[in-house]
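First up is the structure itself, then whatever we jot down about it.
The values are calculated or read from the model by the stated rules, or taken from the named source; none is laboratory data. Just so it is clear, the structure is predicted and the values come from calculations on it, not from any experiment. Here the Cβ positions follow ideal geometry from the backbone for every residue, glycine too, while neighbour counts run over all protein chains shown. The area values use the complete protein model at the heavy-atom level, side chains included, leaving out ligands, DNA and RNA. Shrake-Rupley method; radii C 1.70, N 1.55, O 1.52, S 1.80 Å.
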Amino acid sequence: MTAALSATAFVAPTIAWAPLVPVLIVGGAAVVGVLLEAFLPRTVRRTVQVPFALLAVAAGLVAVVWRLASVHGAEAPTEVVTGGAYVEDLPSLAIQAVLLVSSLLALLVMADRTEVRDGAFTPQAAARPGSAESEAATRAGLTQTEIFPLTLFSLTGMMVFPAAGDLITLFVALEVLSLPLYVLAATARRRRLLSQEAAIKYFILGAFASAFFLMGIALLYGFAGSLRLTDIAAAVPATPGLDSLLLPGVVLVLVGLLFKVGAVPFHAWTPDVYTGAPTPVTGFMAAATKIAAFGAMLRFVYVVAPGLGWDLEPVVWTIVILTMLVGTVLGVIQTDIKRMLAYSSIAHAGFVLIGVFSLTTQGIGSVIFYLLAYGVATVGAFGLVTLVRETDASGSVTGEATHIEQWAGIGRRRPALAVAMLVFLLSFAGIPLTAGFVGKFAVFSAGIAGGGAILVVLAVLASAATAFFYFRLVQLMFFEEPKEQGVTVVSSEGLTIVAVVVCAVATIALGVYPGPVLELLTDAAVFVL
């Protein structure tokens, strides 16, 4: 009898390994990257780590495409792994594909170094800024190659995030993606104290968001007696009288997710972290973190909360309106280009939230397309920021020229760079023939279909207002004489140029001929219930 009970209690979980292949590739590469740091000589680490990380992400993307082809052609296009902890379906795979594309481009920017081989990262992150150890590491030309396995660990968590089928997996993925970002934010080569301050702010506010998230998990477990999203969804109509657990639980879980996308009032970390973090890391965070967090939010909202639309509407509308308003108004007054792009990202989060909470099938595909358009434009824009540098009195290249006035006349000195930035800014503004226009049109159409016409009208007005600070930069680049003598555009090893060219071409291609991608994403717009 005891043996029978024991055998029943400890049944091994059923694991379908094929759906986990993309995650295993990226996560396994992160572990191998740590071992490479431990056993390779310092002189060859960068030579090995850069191509290894790029190949790992590319292999993960190939694996996702393979899984997409397999699942799309199956009669039952879903596979639930380990009792529902990880769900493979078309939306999760589409989000993972978008995530890996953006991350691969961001890794190219992170791996690049300028003509003076200085890179964006401190040569020794553990050394106190300004100390003798830090100066010695700089003179010796050391490189902090741990950034590559850290990025892969964060990317692993991001890949699991939109595929999590229960709240514990969702929380673990949240922490796995977040903890490496806290470290990466503190590794800037210049303005080290600002970088470390940004990391501390991100960590502390992230801890608060995680606490809210965990409290929401506890309330939802008390409501449904289960952590699986499908069980919670089934309990919503079957368990009347427990709204005091259900609604606060849903809201608190959403708080944790809204923090990651930088929605108001959970946005306070965004401008400071975007400014203080190394610019390539900022591009990675701005694109990949938003893609993963919105992917997780889509699954949570469309599986758990479709029947709670009326109850959540006042809270959701308030957050969407505040997010668009704050991102637009504060973006207008910024004079630092990284802070301007930070508030731009906040405004974009408000636009995407309209599609997320439209609660229509159209909303899923439109949100994923918007994230693709936003991701490639963001990586490209921050990649260009890394190339515009200040010079000192002796002509030596120093830090990035992030004051907007320092970009005056760039279009006359380096027209190719300015045209690329113009493409990205037009996409952010939603100008026709760019991916941003198609993304906004799709999301706003979903919002109208979901009964959010008022939000869409406000979003159109906010989008028109955000165009002001985008075109202010355009006017400076093309129609002003250079006002700063101490600014130059540096040459690099070429990886950033490759990323920028791919991003610019993708931005235009998705704007001119979006049909195939939109059709594919529309077909993928069904979550597992």
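Of V512, V21, V438, the residue with the largest accessible area leads and the full order is V512, V21, V438 (1.4 Å probe). Could you give the nm distance between label points at A218 and L55, where each point is 7 Å from its Cα heading toward the beta carbon? A separation of 4.7 nm, rounded to one decimal place.
Is the shape of segment 145-301 best called rounded, prolate or oblate, per the rule: a/c under 1.5 gives rounded, else a/b larger than b/c gives prolate, else oblate, with a ≥ b ≥ c the square roots of the Cα gyration tensor eigenvalues? Cα axes put segment 145-301 in the prolate bin. Note on the chain: helix-only mean residue ellipticity at 222 nm, from DSSP H runs of 4+ residues weighted -39500 (n - 2.57) and normalised by residue number, equals -23500 deg cm²/dmol. Bridging of K201 to aspartates and glutamates at a Cα separation below 15 Å is possible for D272, once same-chain residues fewer than 8 apart are set aside. Take the Cα of A453, step 7 Å toward its Cβ, do the same at V31, and the gap between the two points is 5.5 nm. Which shape class, rounded, prolate or oblate, goes with segment 186-227 when its Cα gyration tensor gives a ≥ b ≥ c as root eigenvalues, a/c under 1.5 marks rounded, and past that a/b bigger than b/c marks prolate? Prolate shape, in that a/c is at least 1.5 and a/b is the bigger ratio.
If the segment from L433 to S210 were pulled out straight at 0.36 nm per residue, it would be longer than the present Cα-Cα gap by 76.3 nm.
Applied to segment 65-70, the Karplus parametrisation 6.51 cos²θ - 1.76 cosθ + 1.60 on θ = phi - 60° returns per-residue 3J(HN,Hα) values of 4, 4, 5, 4, 5, 5 Hz, with x for Gly and Pro. Using the Cβ-Cβ distance between S396 and V332 with R0 set to 35 Å, the FRET efficiency works out to roughly 0.50. Ranking I448, I147 by solvent-accessible area of protein heavy atoms (1.4 Å probe, all protein chains present), from largest to smallest, gives I448, I147.
Site pair V62 and E313 shows an inter-label distance of 5.0 nm when each label is modelled 7 Å from Cα along Cα→Cβ.
Largest to smallest in accessible area, the residues E146, E135 fall in the order E135, E146 (1.4 Å probe, all protein chains included). The accessible area of F212, taken with all protein chains in place and a 1.4 Å probe, comes to roughly 100 Å². A DSSP coil position with no more than 15 other Cβ atoms inside 10 Å describes the following trypsin sites (Lys or Arg not before Pro) in segment 161-218: R190.
Partners of K440 within straight-line reach, counting aspartates and glutamates whose Cα lies under 18 Å from its Cα and excluding those fewer than 8 residues away in the same chain: E519.
Please find the FRET efficiency linking L40 to I200, where r is the Cβ-Cβ separation and R0 is fixed at 30 Å, and quote it to the nearest 0.05. Once the sixth-power term is evaluated, E becomes 0.45. Here the chain exposes an accessible surface that is 70 percent carbon and sulfur, computed with a 1.4 Å probe and the other protein chains kept in place.
Near the amide H of G430, within less than 5 Å, lie the amide hydrogens of F437, all on another chain or at least 5 residues away, with H placed in the peptide plane. Anisotropy class assigned to segment 25-174 is prolate, per the alpha carbon gyration tensor with a/c at or over the 1.5 cut-off and a/b larger than b/c. In the full protein context, segment 87-243 carries 37 Å² of accessible surface per residue, based on a 1.4 Å probe and ignoring ligands, DNA and RNA. Using C-alpha pairs below 8 Å separated by at least 6 residues, the relative contact order for the chain is 16 percent. Under 12 Å of direct C-alpha separation, and excluding same-chain neighbours fewer than eight residues apart, K260 reaches these aspartates and glutamates: E175.
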